[in-house]
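Structure record follows, encoded as structure tokens.
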Amino acid sequence: MEAAKILQTSLLDIVFENRNKSYGAYALRKNYRKQLMFAMAITIAIVAAFLFIALRSPKHIATHVPLRGTVVTIAPLPQVKPLKKKKVVVPKPPKSEAAPKIKMTQLTKIVVAPDKDVTVAPPRQDEKLTIGPITQNGKNAKGLLSAPPEVKGIGGNGKGLTNAAGDGDEESEFHTIEIEAKFPGGDEAWHKYLLSHLRENVPVDNGAPAGLYAITVSFLVSTDGSISDVKAVNPPNPDYGAAAEAVRVIERGPNWIPAMQNGRRVAIRQTQRIIFQVHQD
């Protein structure tokens, strides 16, 4: 290439000088800008066409798709009535009757004295008298004096002593208490736990038709807060697995704060109602 034409020639022509320009690489590079603009124009046209169709089409297309699902409702825990402290009224002791006078003879020091100095005639030897601090007339002591009766107490030893002392927790089941058992965090935390762990579609998976399936679960909160004796009370028949699912979740729940009675932890039974609502729209 002549030196005078170098300044007027493109870089592409300088590179392909004395080379095969009909091979294709030269043509691609030569027409690259035109091809790029053409491709961008086609892309813009296609996008515009789609936007035009979308804007001109009906805004609402009614499509009915049957939907089956379950809504779980957690009923509030029944409130346990607090135990009202009753005023203890101590009955007045009955008035004791005055004991009858008992015939007795004063115990005196035996002193040998002349007969003329004796002022009180000694009692006859055949009289069965009671010895006492004084001499007095009265009823015969036979039948009037007896040993005190034994007092039998509940759980005692027959002598009026009872084995009522105790300092442990009460494992008996209470139904009315002073401070009821509660889930850590309160009822809201309990409902959140149930809703997050219940598999709500269990009835649907077992072929349950649309309807309500109310499950009442009874469980015992022990003195250590653990949950035991969990069972469904009169579940619907069939329940399509709803009762077993409710029992499973409550049975695996964390410990509760136990109830209190007279300053001691006691066991108490709780009930929880869970409703599975199967719907079909």
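Annotations
- Given charges at beta-carbon only (K, R positive; D, E negative), |dipole| of region 223-275 in Debye: 200 debye
- Where labels lie 7 Å past Cα in the beta-carbon direction, separation of residue 189 and residue 30 in nm: 8.2 nm
- Dipole magnitude (debye, nearest 20) for region 177-281, charges at Cβ of Lys, Arg, Asp, Glu: 300 debye
- Once the Cα-Cα distance is subtracted from the 0.36 nm per residue extended length, the residue 200 to residue 224 segment shows a gain of 5.6 nm.
Where a number appears in this text, it was derived from the coordinates with a stated rule and is not lab data. These numbers come from a predicted model, not from an experiment. Here Cβ is always computed from backbone atoms with ideal geometry, including for glycine, and neighbour counts include all displayed protein chains.
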